[in-house]
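In what follows, a structure is listed as structure tokens, so that the remarks can point back to it.
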Amino acid sequence: MIQKGKKAQAQSAILKGGIMFLTAIAVFARATYQLFAQTVPTAQLMSGIGILALVANLICFLLLIRHRNDNINMSSVWLCSRNDIIANTSVLITAGLVFLTGSFLPDFILGLLLTVVFAQSAGKVLTQARAELI
């Protein structure tokens, strides 16, 4: 029988994995919309928000790195933090490319790449949570 705390951790991880998967779908939907609408995002706004978010997520990442293998929740929280850093860094690079090219394509490509990263992380968390429940 699964301990009560372990079951709650696994259920929480399933919720986090589901949210990561829904984030992947939302990013993909936005990228698809952008492909058809061909809207060019504002590079300055992307950069400002990206820098603030990157600083906050780097702090969280550093606080969590020593505890990422403690349990399934710490692992999933650390994965979320890592994904945020990847996304923030990618947004900053993309903002520069949008500024240089004046095109929507860098942002569209970023959306597709982030969809893959988020979906893979969701799969990892959901697999770990399922293993905990079994």
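List every residue pair whose Cβ atoms lie under 7 Å apart, where the two residues are 6 or more positions apart in sequence or sit on different chains, the first residue falls within the stretch 56-69 and is under 18 Å from Val125 (Cβ atoms), and the second residue, located anywhere, is basic (Lys, Arg) and surrounded by 13 or more Cβ atoms within 10 Å (Cβ to Cβ). The qualifying pairs are Phe61/Arg82. Testing Asn88 on (1) touching a Gly at 6+ places or on another chain (Cβ under 8 Å); (2) closer than 16 Å to Gly18 by Cβ, one condition comes back false. Which one is that? Looking at each condition in turn, Asn88 falls short on (2). With respect to the stated conditions, Ala95 fails to be part of a helix (DSSP H, G or I), within 14 Å of the chain's Cα centre (by Cα), closer than 21 Å to Ser47 by Cβ and among the aliphatic types (A, V, I, L, M).
Of all residues in the stretch 33-82, those satisfying the criterion of being under 23 Å from Leu110 (Cα atoms), of a type outside the set (Val, Ile, Thr) and assigned to a loop (DSSP other than H, G, I, E, B) are Gln38, Pro41.
For the stretch 94-134, the tally of residues that are free of Cβ contacts under 8 Å to residues at least 24 places away in the same chain and hydroxyl-bearing (Ser, Thr, Tyr) stands at 2. Here is the figure for the stretch 22-44: residues that are buried (at least 17 other Cβ atoms within 10 Å of the Cβ), over 20 Å from Leu97 (Cβ atoms) and not polar (S, T, N, Q) total 1. For the stretch 107-134, enumerate the residues that are at pLDDT below 85, more than 10 Å from the chain's Cα centre (by Cα) and small (Gly, Ala, Ser). Result: Ala129, Ala131. Candidates Ser47, Ser90, Ser75: the one that is surrounded by 13 or more Cβ atoms within 10 Å (Cβ to Cβ), under 27 Å from Ile134 (Cα atoms), touching a residue at least 24 places away in the same chain (Cβ under 8 Å) and not hydrophobic (A, V, I, L, M, F, W, C) is Ser75.
The values are calculated or read from the model by the stated rules, or taken from the named source; none is laboratory data. Note that this is a predicted model, so its numbers are computed, not measured. When we count neighbours, we look across all protein chains shown, and the Cβ atoms used for this are built from the backbone with ideal geometry, even at glycine.
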